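Undergrad: Let me begin by handing over the structure; questions about it come next.
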Amino acid sequence: MDKLFAPRPDAATSNRTLVVENVRPWGGAPTDLYIVDGVFSATRPAGTDHAAQGTPGTGDAARASQAGPGAAVSAATVVDGRGLLALPGFINAHAHVDKSWWGQPWEPYGGEATTQGRIAHERSERARLGIPGIEPTEAVLCEFLRHGTTATRTHVDVDLGVGLDGIAAVRQAAANLSGAVDVQIIAFPQDGVMRRPGVLDLLDRAGAEGADYIGGLDPCAIDRDPVGQLDGIFAIADRHGCGLDIHLHSPAELGAFEYELIIERTRALGLQGRVNVSHGFGLGDLPAARQQSLVEQFGELGISWSTVAPVKAAPLPWRDMAAHEVPIGLGTDGIRDLWSPYGDGDVLRVAWEFARIHGVRYDEDFTEVARLAGSGAARFVGREVHDLVPGAVGDLVLIDAENVPDALVRVPRRELVVAGGRIVAEAGEPLI
C-alpha cells in the first residue's frame, strides 16, 4: 500500500516522539501536534520550527503540559497531516467483541427473532464458530482501528458454558495488538443471573480477577427477579471496587421501575460515578416530567448512559441529559454475530445515526454529537480527559472533511489513525 503520509525522521525530536504537522483540531486553525511517549505533550501553530523550539517533554505528561518545550534530543517520526480534520480517537462505549464471526464465511441467521431465541441460538452455535476466540476478537478490534476507534468498553459473556474463557480471549487479543485498542471489560451475564445458579459466583470471580465492570441484564424480563439480580451484582461491585454496566431493554414504566431500583442502590452503596445503563430504551418512552425527574437523579449520582442509536427506539432527552451532566457514550453493539449480521465497527456511523434519530440540524449540535463518540466518552474507558490536548493519551484520527459536521454527515474513511502515539491505520486499512 502506498504511504500517503510519508513519515520522515527529524533530528530535532525524540525517537519516542510523533509530530503530526498541519492538521485542524476540531476544524480549527492549522496546528502541529506533538506526542511524546504515547501522550500529547504540546500543540503549536503549523509551521513551527521543531529544531528551534525543541521537543516538548520526555514522557512526563504533567511536566510537559506545564513546562512547555524541553531540550532537543534524537530523531522522531514526523508526518504531514495535509490540513486534514483532526479528532481524538473514537471511543466505542458499548461493544461485544467476543461474539463476532467477522472474517469467517457468511453465517445465515437461524434463531428465533426474540431475545430468548437469540440467546438460545447463540448458545447452540457459538462453539462451532470458535466463539469466543482470540482470532475473531482480533479481527473485530482491527475493524475498530481502521474506523478510528482506539478505546472500547466491551461486554464479554460470562455463563455456565464458557465460564471466564471469553474474558481471557479478549485480553489476549488486545495484547496481541500491543494495546493499540484500549479495552475495558465488562463481565456480562448474557444468559441471565438468578435463573442460572452459579452465574453470580462467576461474576464475583471475574470481579476478583480484575474485570473493570460487572454486567446485568433485564432483571425483570430475563430473571423475573429484579431485586435479587440487582442486589447480587451491586454487592459484587461494592466488594471488588469495580463498576456496573447493566443492559436494560424494558419499555416505559417497567424501564422506569428498573431505573429507580438502580438509583436506590447506587445511592445506598455510595457508587456514584460507577454505574452505567446500556440501551435504556424505556427512558425515551416516558412523559417529559417523568424523564426530567429521572435525569436529575442520574446527574446527581453520576449514572451514565450508553446507546447504540437503534432506529426503532424513542429518542433520548439527550440535551437535558447533557444539561444535568449525565455522560452519554455511543457504541456499536454486536458486529456480525449470531444475533444479527449487521454492524461494521464504525462509531462515527453510529454518531450519524444518533444525529438523524434526534433530528440534529445545527452545526453546534453536530459537533456535540461527534464529541459523544470521542472526547465526551472519556469516562467510559477510565480516562480523565480524552482530547487533542497536553496530558491526554495520544489517540488521533485524521479525516478528509471540511469541518466536524461535514465529517459526521458524510462519514468518510479515516485517513490516519494514531493510538498511543503509534500509527495503527492508514487510508482506511489497519497496519497491525
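The values are calculated or read from the model by the stated rules, or taken from the named source; none is laboratory data. Note that the structure is a prediction, hence the values are computed from the model and not measured. Here the Cβ positions follow ideal geometry from the backbone for every residue, glycine too, while neighbour counts run over all protein chains shown.
Undergrad: Would you point out which residue out of Gly110, Gly81 is over 17 Å from Ala392 (Cβ atoms), at pLDDT below 95 and of a type outside the set (Val, Ile, Thr)?
TA: The conditions single out Gly110.
Undergrad: Output yes when any residue across region 205-220 is in a helix (DSSP H, G or I) and touching a residue at least 40 places away in the same chain (Cβ under 8 Å), and no when none is.
TA: yes
Undergrad: Turning to a different aspect of this structure: Name every residue in region 382-425 that is in a loop (DSSP other than H, G, I, E, B) and more than 20 Å from Asp37 (Cβ to Cβ), in order of residue number.
TA: Asp400, Ala401, Glu402, Asn403, Val411, Pro412, Arg413
Undergrad: Something else: Would you check which residues across region 339-349 are within 18 Å of His249 (Cβ to Cβ) and either of a type in the set (A, V, I, L, M, F, W, C) or touching a Gly at 6+ places or on another chain (Cβ under 7 Å) (or both) and list them?
TA: Within region 339-349, Trp339, Ser340, Gly343 qualify.
Undergrad: Here is a further query. Restricting attention to region 118-142, and to residues there that are in a helix (DSSP H, G or I) and aliphatic (A, V, I, L, M), which single residue is surrounded by the fewest Cβ atoms within 10 Å (Cβ to Cβ)?
TA: Ala127
Undergrad: Continuing with this model, one more query. Going by the structure shown, is Asp204 under 17 Å from Gly302 (Cβ atoms), touching a helix residue (DSSP H, G or I) at 6+ places or on another chain (Cβ under 6 Å) and surrounded by fewer than 23 Cβ atoms within 10 Å (Cβ to Cβ)?
TA: Judged against the criteria, Asp204 is not a match.
Undergrad: Just give me the residues in region 343-374 being acidic (Asp, Glu) and over 15 Å from Arg414 (Cα atoms), in sequence order.
TA: Selection gives Glu353, Asp363, Glu364, Asp365, Glu368.
Undergrad: Now for a different question. Of everything in region 154-169, what is in contact with a strand residue (DSSP E or B) (Cβ under 8 Å, 6 or more places away or on another chain) and surrounded by fewer than 23 Cβ atoms within 10 Å (Cβ to Cβ)? Give them in sequence order.
TA: Leu164, the sole residue that qualifies.
Undergrad: Scanning for something surrounded by fewer than 19 Cβ atoms within 10 Å (Cβ to Cβ) and within 18 Å of Leu203 (Cα to Cα), does region 253-263 turn up at least one residue?
TA: No, because not a single residue in region 253-263 is surrounded by fewer than 19 Cβ atoms within 10 Å (Cβ to Cβ) and within 18 Å of Leu203 (Cα to Cα).
Undergrad: If Arg196 satisfies all but one of (1) over 27 Å from Thr114 (Cβ atoms); (2) in a loop (DSSP other than H, G, I, E, B), what's the number of the condition it fails?
TA: Result: Arg196 passes all but (1).
Undergrad: What residue, of Asp337, Asp363, Asp333, Asp387, is farther than 22 Å from Gly420 by Cα and in contact with a helix residue (DSSP H, G or I) (Cβ under 6 Å, 6 or more places away or on another chain)?
TA: Answer to the selection: Asp363.
Undergrad: Continuing with the same structure: Go through region 377-389 residue by residue and tally those that are surrounded by fewer than 22 Cβ atoms within 10 Å (Cβ to Cβ) and over 16 Å from Asp212 (Cβ atoms).
TA: Residues flagged as surrounded by fewer than 22 Cβ atoms within 10 Å (Cβ to Cβ) and over 16 Å from Asp212 (Cβ atoms) within region 377-389 amount to 3.
Undergrad: Related question: Hey, among the residues in region 183-199 that are among the hydrophobic types (A, V, I, L, M, F, W, C) and without any contact (Cβ under 8 Å) to a residue 40 or more places away in the chain, which one's surrounded by the fewest Cβ atoms within 10 Å (Cβ to Cβ)?
TA: That would be Met194.
Undergrad: Based on what the data block shows, is Ala71 surrounded by fewer than 24 Cβ atoms within 10 Å (Cβ to Cβ), modelled with pLDDT of 95 or more, assigned to a loop (DSSP other than H, G, I, E, B) and aliphatic (A, V, I, L, M)?
TA: no
Undergrad: Then there's this: Take Val347 and decide whether it is modelled with pLDDT of 95 or more, among the hydrophobic types (A, V, I, L, M, F, W, C), under 26 Å from Leu396 (Cα atoms) and touching a Phe, Trp or Tyr at 6+ places or on another chain (Cβ under 6 Å).
TA: yes
Undergrad: Among the candidates Val181, Val158, Val193, Val170, which residue alone is more than 21 Å from Gly241 (Cβ to Cβ) and among the aliphatic types (A, V, I, L, M)?
TA: Within the list Val181, Val158, Val193, Val170, the selection yields Val181.
Undergrad: Within region 143-165, take every residue that is assigned to a helix (DSSP H, G or I) and over 14 Å from the mean Cα position of the chain (by Cα) and give me the one that is farthest from Leu203 (Cα to Cα).
TA: Ranking the candidates gives Arg146 first.
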